[in-house]
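S.K.: The structure's right below; bear with me while I get my questions together.
What follows draws every value from the coordinates through simple rules; no lab data is involved. No experiment lies behind these values; they were computed from the predicted model shown. Positions of Cβ are generated from backbone atoms using ideal geometry, with glycine treated the same way; all protein chains shown enter the neighbour counts.
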Amino acid sequence: MSDVKKEWPLWEVFVRSKAGLDHKHCGSLHAADPQMAIQLARDVYTRRQEGTSVWVVRSDQIVASDPADKAAYFDPMADKVYRHPTFYELPKSLDHM
Amino acid sequence: MYTQAMDTMGKDRDDAPKAVRSADELARQQAFDARIDAGDFIEAKDWMPEHYRKTLVRQISQHAHSEIVGMLPEGNWITRAPTLKRKAILLAKVQDEAGHGLYLYAAAETLGTSRDQLVEALHSGKAKYSSIFNYPTLTWADMGVIGWLVDGAAIMNQVPLCRCSYAPYARAMVRICREESFHQRQGFEALLTMMTHGSEAQKAMVQDAVDRWWWPSLMMFGPPDNESPNSEQSMRWGIKRISNDDLRQKFIDATVEQSKILGVTMPDPELRWNEERQHYDFGAIDWKEFWQVVGGDGPCNRERLAARVKAWDDGAWVRDAALAHAAKSELKEAA
């Protein structure tokens, strides 16, 4: 078995495809330090001008919700249709409110 | 560049799905099967059967290794490309293969296997890679034919993988397929240039390359369906979507038409259109050769693996130095 501690740490890569849009997760890579992670992210994930800005975050720094809690976390919103504008029926004359 | 039907590796003893043990596990297994049936994507942190995980690690890592080893036959021609334009194209293509390898290693790592373990499995010979890269690239025409036929076969194999049930793999495949199309087109265009404007010797060189790569390309789709024991399970799990033989037939039907535009012939006297089947009939594939190459005795197996091991070993001090530098910088920052 190899010594995992000798591996370069894992980073998650987020790319903003163009000005005005969100950064979006696009994959991960190994790099020794932040600067190298940014450079490698450029080479690995934006070879065809896919981005105008890159974020990298150490994977072990990301906190995520547990898939097992999916129902408990997200299902309570399922019956709250009144949070959507389409729930409210208004007179035709107000169609564009 | 491409994954070889993983059934080729399905010969491990401990490969059979384990019997389900507890009622709890049975319930999870059923819930998992239901998600697959509903066309759900499985994410890294979701529960999955051990055999599903194992099958994916094997297939994705084998796919990643293929991309990385696949850089070698083409890298062989970068310094000898006939023009600056062709050199820039070939460099970009080989760089893409490196990128594809990295996307795939990252996908495999989401299943809980470290990068070092994956690389070690390749270097020890435990993990396989596509048999196609164990053939030598003898002439410049090989660069064109690899793009046209080898990448063409790869694309045909990879497009269905974009709908693979394991989401990190599917996402990597979407990215790869988007980039791969240029690989095939540049190859065909390079060949077309030679066939249209080239000398007789250059045209003969193209035909010779087609003759050498045709059969190995057909083998890229893996063994025939009736000899692919793992295929059924992979189909069930949505890891595999179309059978080896169906993909192979699709590839033949497409490329034989393309060969007419190019003005070359495939080295198969039994190749002919079957009006009734609406497909091309083709001659018998030499599966003995296939298994020999997969088993380690192809023309370039030792050379390829040795090149990878050497690159890894020679780069060890760089990897260590980068880590040492990072540790030092961190200390400095903390001080």
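S.K.: Could you check the simple spin-label distance between residue B:297 and residue B:235, using points 7 Å along Cα→Cβ, in nm with one decimal?
M.R.: Reported label-point gap for residue B:297 and residue B:235 is 3.2 nm.
S.K.: With r defined as the distance between the Cβ atoms of residue B:265 and residue B:181 and R0 fixed at 25 Å, what FRET efficiency is calculated, to the nearest 0.05? Intermediate values should be presented prior to the final figure.
M.R.: Working: r = 26 Å, r/R0 = 1.02.
E(calc), rounded to 0.05, equals 0.45.
S.K.: Can you give the percent of C-alpha pairs in the stretch B:159-240 whose distance is more than 20 Å?
M.R.: Numbers: 1874 of 3321 pairs.
When every Cα pair of the stretch B:159-240 is considered, 56 percent fall beyond 20 Å.
S.K.: Per DSSP helix of 4 or more residues, -39500 (n - 2.57); summed, then divided by the residues of chain B. What does that give at 222 nm, rounded to the nearest 500?
M.R.: Working: 14 runs with 203 residues, N = 335.
-19500 deg cm²/dmol, from helical runs alone.
S.K.: Right, something else. So which of A:6/B:87; B:45/B:250; B:126/B:250; B:128/B:310; B:85/B:128 end up more than 26 Å apart by C-alpha?
M.R.: Violating the 26 Å limit, Cα to Cα: A:6/B:87; B:45/B:250; B:126/B:250; B:85/B:128.
S.K.: Taking beta carbons within 10 Å but only from partner chains, what does the mean come to for residues B:102-111?
M.R.: On the way: counts 8, 6, 0, 3, 9, 2, 0, 5, 3, 0.
Shielding by partners across B:102-111 averages 4.
S.K.: For the stretch B:86-100, what does the Karplus curve 6.51 cos²θ - 1.76 cosθ + 1.60, with θ = phi - 60°, yield as ³J(HN,Hα) per residue in whole Hz, taken in order and with x for Gly and Pro?
M.R.: Ordered by residue, 3J(HN,Hα) equals 5, 5, 4, 4, 5, 4, 4, 5, 5, 5, 4, 4, 4, x, 4 Hz.
S.K.: Determine, at each q value in 0.13, 0.14, 0.17, 0.26 (inverse angstroms), the log₁₀ of I(q)/I(0) that the Debye formula gives when each Cα of the stretch B:243-335 is one equal point scatterer.
M.R.: -0.71, -0.76, -0.91, -1.23
S.K.: Moving on. Under Stokes-Einstein, with the Kirkwood radius over Cα pairs standing in for Rh, what whole-number D in µm²/s applies to the stretch B:50-156 at 20 °C and 1.002 mPa s? Mind dumping the intermediate values first?
M.R.: On the way: Rh = 14.7 Å.
So the translational diffusion coefficient is about 146 µm²/s.
S.K.: What is the calculated FRET efficiency for residue B:126 to residue B:200, with r their C-beta to C-beta distance and R₀ = 51 Å, to the nearest 0.05?
M.R.: 0.60
S.K.: Follow-up. In vacuo Debye scattering of the protein assembly as shown, one point per C-alpha: log10 I(q)/I(0) at q = 0.12 Å⁻¹?
M.R.: For the protein assembly as shown, the Cα-only Debye profile gives -1.09.
S.K.: Related question: Using the Karplus equation 6.51 cos²θ - 1.76 cosθ + 1.60 (θ = phi - 60°), what ³J(HN,Hα) coupling, rounded to whole Hz, does each residue of the stretch A:21-37 give in order, writing x for Gly and Pro?
M.R.: Each residue's phi maps through the Karplus curve to give 9, 6, 6, 10, 5, 10, x, 9, 7, 9, 8, 6, 8, x, 5, 5, 4 Hz.
S.K.: Can you figure out the FRET efficiency of residue A:39 with residue A:68, using R₀ = 41 Å and their beta-carbon distance, to the nearest 0.05? Before the final figure, lay out the partial values.
M.R.: Details: r = 37 Å, r/R0 = 0.90.
Once rounded, the FRET efficiency stands at 0.65.
S.K.: In peptide B:205-211, what is the residue-averaged number of other protein chain Cβ atoms found within 10 Å of each Cβ? It would help to have the intermediate numbers written out before the result.
M.R.: On the way: counts 0, 0, 0, 0, 0, 0, 0.
Mean number of neighbouring Cβ atoms from other chains: 0.
S.K.: Under Stokes-Einstein, with the Kirkwood radius over Cα pairs standing in for Rh, what whole-number D in µm²/s applies to the stretch A:1-92 at 4 °C and 1.567 mPa s?
M.R.: Working: Rh = 16.6 Å.
Translational diffusion coefficient: 78 µm²/s.
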